[in-house]
1. Go through the residues of the stretch 96-106 one by one and say whether even a single one is farther than 16 Å from residue 43 by Cβ and out of contact with any helix residue (DSSP H, G or I) (no Cβ under 8 Å at 6 or more places or on another chain).
2. Based on what the data block shows, is residue 130 surrounded by 13 or more Cβ atoms within 10 Å (Cβ to Cβ), part of a helix (DSSP H, G or I), in contact with a strand residue (DSSP E or B) (Cβ under 7 Å, 6 or more places away or on another chain) and at pLDDT 95 or above?
3. Let me confirm something: among 50, 106, 84, 46, which residue is modelled with pLDDT of 95 or more and farther than 28 Å from residue 139 by Cα?
4. Determine which member of the set 104, 95 is under 20 Å from residue 2 (Cα atoms) and touching a residue at least 12 places away in the same chain (Cβ under 8 Å).
5. What is the number of the single condition among (1) touching a residue at least 24 places away in the same chain (Cβ under 8 Å); (2) closer than 19 Å to residue 47 by Cα; (3) loosely packed, with under 15 Cβ neighbours inside 10 Å that residue 137 does not meet?
6. Can you confirm whether the stretch 140-150 contains a residue that is surrounded by fewer than 15 Cβ atoms within 10 Å (Cβ to Cβ), assigned to a strand (DSSP E or B) and within 15 Å of the chain's Cα centre (by Cα)?
7. Could you please find all residues in the stretch 12-29 being in a strand (DSSP E or B), in contact with a helix residue (DSSP H, G or I) (Cβ under 6 Å, 6 or more places away or on another chain) and closer than 30 Å to residue 155 by Cα?
8. If you check residue 95 against the conditions, is it within 15 Å of residue 48 (Cβ to Cβ) and not in a helix (DSSP H, G or I)?
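The values are calculated or read from the model by the stated rules, or taken from the named source; none is laboratory data. Remember, predicted model here, so these are calculated numbers, not experimental data. Please note: Cβ atoms are built from the backbone with ideal geometry, for glycine as well, and neighbour counts cover all protein chains shown.
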């Protein structure tokens, strides 16, 4: 069996007023993240992790800054990348994401994020983990923005 690990990161600045979407879940209607799409750092980091593991480039090669992707759902983008991996014979074994954001309390949204990501990726909830950090009042993520780092494991059978 062919196993590969991928890692991805993303970060976006805050905007007020705004709407923050993380892992496909609205976590704030008061403060959002600046971005061309919906700026979902969780989905963006996961997309890059999956693409990296499959050696298929990066998010910018599939979702550029043109009008087609303005305000696009990053969850839909993640689904599209999952479908691409499946077409290439890959299966997603598990994903793990850490989000750092000091301005919104995220733990109440963990279960919804895990469920949403599991459905989108076509894997069991037990194979999705999302965790949160506050930045402890330090740096960009403390009060200027949010970031995410994601890792994934994908597999392909020798005939795939």
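1. yes
2. Against the criterion (surrounded by 13 or more Cβ atoms within 10 Å (Cβ to Cβ), part of a helix (DSSP H, G or I), in contact with a strand residue (DSSP E or B) (Cβ under 7 Å, 6 or more places away or on another chain) and at pLDDT 95 or above), residue 130 does not qualify.
3. 84
4. Result: 95 is the single residue among 104, 95 that is under 20 Å from residue 2 (Cα atoms) and touching a residue at least 12 places away in the same chain (Cβ under 8 Å).
5. It is condition (2) that residue 137 fails.
6. No, there is no match, as no residue in the stretch 140-150 is surrounded by fewer than 15 Cβ atoms within 10 Å (Cβ to Cβ), assigned to a strand (DSSP E or B) and within 15 Å of the chain's Cα centre (by Cα).
7. 22, 25
8. Criteria met by residue 95.
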